[in-house]
Amino acid sequence: MQQTKDFAKPTDISTFAEFAERADYSLMDSLQPDPEATDDGDDHSPRQVRSGHYVPVKPTPISSPTLVTYSKSLFNDLGLSESLAQDDKFCRLFSGDQSVAQDPIKPFGWATGYALSIYGTEYNEQCPFRTGNGYGDGRAISIFEGSFHGQRWEMQLKGSGPTPYCRGADGRAVLRSSVREFLAQEFMHALGVPTTRSLTLYMSQLETVRRPWYSPSSQSYNPDVMTDNLVAISTRVAPSFLRVGQLELFARRVRNETHSEALKELKMIVHHLIERNYREDIDENMPFSEQVVELARLFSSRLISLIAHWLRVGYCQGNFNSDNCAAGGSTLDYGPFGFCELFDPRFQPWTGGGQHFSFFNQPAAAEQNFQMFCHALRPLIADHEEASMMIDKIQGGFSDAMKAEISLMWAKKLGLNTADPLLLKDLFQLMVHSNADYTMFFRELSSIPNEISTLKRSFYTPSSKMLDDRWTSWLHRWRDQVIRTGDLEDISHSMKQLNPSITWREWLVAPAYQEAESGQFTLIQELQEVFNHPYRDISPKQASKYDRLRPKEHFNVGGISHYSCSS
C-alpha cells in the first residue's frame, strides 16, 4: 500500500516552502512515464504517445497574470493560509510558471492519455493519427500531488499550454470558461454533489486567443463571430483525475496487443486507481481479482449516486463521454454543462451534445460508461471465471440499481419515504405544461403549501382554470401522502436540505465573466458567496436577483440558453 505523508491538522500552511513540503507524487512514483518523452518536460508538440501512463510536461505560463479569485473554502480544507493567495511564488506556480518549484516540488508536471467512447462505441477519429495514441490531456497539466490533513490531493492547471495531446491547438482556456468552471465546481461541492474542486483562478492581462462565440443578444444556434479572449488558468483539485477513458486506453492496447507491456500497464493503472480512490473500502490483502470485482461494485454505487445527485440539483453534464467520466465517481470536466431552469427532461445546453446527453438521459449515458469501465477491467480477470461472473452480475444489475436510486431520490425530494410513480409522472407533466422553473418549484414545494398560489411564482406560463384544477388535485394527493409520512415541520426541513433555494443561472453568471475582462471581480466574488450556501433561505435582497424567473430577453440567446464548447 502506498504510504502518505501525514501532518498535524491545526497549523496553517502560510509559506510557499511549507506548501512545497507537502509534495508527494504517488502517480509519477508508481506509474510508468512514456519512454519516448523528454526528461525535462519540454514536450509541447502533437505526437503519438504509444505507451506509458503519463508524459512529463512543463506548463506554459500566462503573461502578466493577475489573481481573479480563490476558494476560501478549499484553502481552509487544505489548511492553507489565505495569505498564500498573494504569495509571489505560489501565484507564479499556479499561473503556469513551474520554474519557481522548489524541492520536493518537481520542476515539471504531467499529462495523461485516455481513450474515447460515446454511448459504448469506441472512437479513434478525434485522435489526429487515427490510432488513439494522440488523445488525452490537451491543455490540462497536473503540477502537484501531496497530502493535506492525511488526504491526498492532485492539483491540475487547466489552460496551461499545449501537451503532446493538444492535437495542434494552443492549449489555452479563455477567461469565460475558466470562470464558469471555477464557480461551478465550488457550487456543486456546496450542493453536496461529488466533484472536483477549485483552488485558484488567474487571468492574463495581455495574452489573448481567438475563439468562435456569439455576438451580443445573438439568436444564432452556433457561434456567429470570432472574438479575442483573455486567457486564464484555473487550478482544479481532486483525489485523482483518473478517468474511465484512461482504463479504456490501456485495455484497448491489451486487446490489440500493441506492445508487450500492455497488460502490465493496465494492471498498474487499475491498482493505482484503487490506491488513490478506493483503498479505504478495498482490503489490500484480498487477491487482486477480488479487488477488481470490488472496484466494479464500488464504482457502480458511486456512479449511480452521482447521477441521482445531478438530477436532484438540475445539473446536466452536456457531454458525458467516457473520457469525461471520473473513475473515482465524481463530477469532472465542466465544459458544456448547464443547470435546468425551465423544466424540460430533454434539456441540453451544449449545441454539439444531442439528446442522448440531455438531462433525463444521463442515467443511460452513465450506464454506457459503466459498461466500458467493466469492459476495460476484463483482461485482468480473464483467467478468473468466478470474478468474471461477478462482473457480469454487477453489470447486469446496474440499470435496476440506477432506477431504484433515482426513485428514492425523487421520493426524498418530494418529502416521501417511497416513490409513487403515477404521482411523479403526473407532476412532470404538470411542470412541463406550466413551464415550471425546476429549482424555484421544488423549493416552494418544500414549504408544503396548502394551495397552488405559492407555486405559481415558479411558472413561466400563466395557468388556465383547467390547469389550476389539475394542480390542485395533484397537490391534495401529494399532501395526503406527506401527512402520512410524518411531522410536516420535520419533512419541510428535510426537503429544504435537498431542494436548494438558488441555482446556477447562466444569465447571471455571464455578466460576472464579462466584468472580469476589465479587471473587475466583484460579481464573481458575489456569486461565490451566494453559491457557498445554496440551501439557506435567502434574504429578500438576494431573492430579488437570484430567486426569480429568467427574463424573456435571455431566452434563445447564444451563450446564455445554449452554447458551443468554444473555450
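The values are calculated or read from the model by the stated rules, or taken from the named source; none is laboratory data. Since we're looking at a predicted model, the values are computed, not measured. Virtual Cβ from ideal backbone geometry, glycine too; neighbours counted across all protein chains shown.
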Problem - Yes/no for Gly396 being assigned by TED's automatic domain parsing to the domain that holds Val254, surrounded by fewer than 14 Cβ atoms within 10 Å (Cβ to Cβ), at pLDDT 95 or above and out of contact with any Gly (no Cβ under 8 Å at 6 or more places or on another chain) - result: yes
Exercise for the section: Kindly indicate whether any position in the range 305-327 is in contact with an Asp or Glu (Cβ under 7 Å, 6 or more places away or on another chain) and within 22 Å of Met495 (Cα to Cα). Expected result: yes
Exercise for the section: Among the residues of the range 164-194, write down those that are more than 29 Å from Asn124 (Cβ to Cβ), part of a loop (DSSP other than H, G, I, E, B) and not small (Gly, Ala, Ser). Expected result: Val193, Pro194
Exercise for the section: Can you confirm whether the range 109-132 contains a residue that is crowded, with 22+ Cβ neighbours inside 10 Å, at positive phi and not hydrophobic (A, V, I, L, M, F, W, C)? Expected result: yes
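Condition check ((1) within 17 Å of Thr112 (Cβ to Cβ); (2) among the aliphatic types (A, V, I, L, M); (3) surrounded by 16 or more Cβ atoms within 10 Å (Cβ to Cβ)) across all residues:
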position	(1), (2), (3)
Gln246	yes, no, yes
Leu249	yes, yes, yes
Val254	no, yes, yes
Glu265	yes, no, yes
His271	yes, no, yes
Arg276	yes, no, yes
Glu290	no, no, yes
Handout entry: Selected residue [over 23 Å from Glu154 (Cβ atoms), outside the structural domain of Phe187 (by TED's automatic domain parsing) and within 24 Å of the chain's Cα centre (by Cα)] from Thr258, Thr331, Thr351
Key = Thr351
Handout entry: Residue within the range 466-486 that is farther than 30 Å from Pro336 by Cβ, under 35 Å from the mean Cα position of the chain (by Cα), exposed (fewer than 15 other Cβ atoms within 10 Å of the Cβ) and touching a residue at least 24 places away in the same chain (Cβ under 8 Å) present
Key = no
Fill in the blank from the handout: Checking Pro216, Pro223 in turn, the sole residue that is of a type outside the set (Lys, Arg) and closer than 24 Å to Gly171 by Cα turns out to be Pro223
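Test of understanding: among Lys541, Lys545, which residue is over 14 Å from Arg505 (Cα atoms), part of a helix (DSSP H, G or I) and not assigned by TED's automatic domain parsing to the domain that holds His189?
After applying the criteria, what remains is Lys541.
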